[in-house]
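> Starting off with a structure, shown below.
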Amino acid sequence: MNVVSIMAHADDEMRCLGTMLKCRARGDRLSFITLTDGSNGFVQNPGIPRQEAARIRQRAYDVAAAKSADYDAKASEGLIPLSDALDARAVMDFAQVELVQSRYQERIAIANLELAMGITLVPQEKTETKEEK
């Protein structure tokens, strides 16, 4: 069964997480759709303007990417454990996902909803016949 959680904000799915975990345990396919991109500010400080929120997300990614590159270089020289470099890479990847989601949230939500509803057209692979080869 396809189960879709449509929420207004990131982390709102925590309100139905128990139900979603039960669905996953029985083998259901889960989709989470967030309808906002978070660019209207932050819950902790709702007074932050939209453009400033976008700049903060971009800066968070830039800092995480720089730290990841630094840790990768240090790990390759044996100066720090590889696990530290991998942790920094995970933080960077998470920041990149948040940045991309904030830019394309509406399109991502529509695509996920279409996929969950089974109305997404997936291109079929063309198989060559003997004559075409």
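Bear in mind these aren't lab numbers, they're just calculated from the coordinates by the rules spelled out. Since we're looking at a predicted model, the values are computed, not measured. Cβ coordinates were reconstructed from backbone atoms using ideal geometry, including for glycine residues, and neighbour counts include every protein chain displayed.
> Most exposed first by the Cβ proxy, i.e. fewest other Cβ within 10 Å, how do Glu98, Glu77 rank?
Glu77, Glu98
> Collect residues whose amide H, placed 1.01 Å from N in the peptide plane, falls under 5 Å from the amide H of Ser5; neighbours closer than 5 in sequence don't count.
Close amide H contacts, sequence-distant or interchain: Ser31, Phe32, Ile33.
> Shifting gears a bit: List the residues whose amide H sits under 5 Å from the amide H of Ile80, counting only those 5 or more places along or on another chain, with H placed 1.01 Å from N in the peptide plane.
Under 5 Å from the amide H of Ile80 lie the amide H atoms of Ala75, each far enough along the sequence or on another chain.
> To continue, here is another question. Are there chymotrypsin sites (Phe, Trp or Tyr not before Pro) in region 51-114 that DSSP marks as loop and that have at most 14 other Cβ atoms within 10 Å, and which are they?
In loop regions of region 51-114 (DSSP not H, G, I, E or B), there are no sparsely surrounded chymotrypsin sites (Phe, Trp or Tyr not before Pro).
> Moving on to the next point. If you take the beta carbon distance between Ala66 and Met1 as r and set R0 to 41 Å, what does 1/(1 + (r/R0)^6) give as a FRET efficiency, to the nearest 0.05?
With a Förster radius of 41 Å, E is 0.40.
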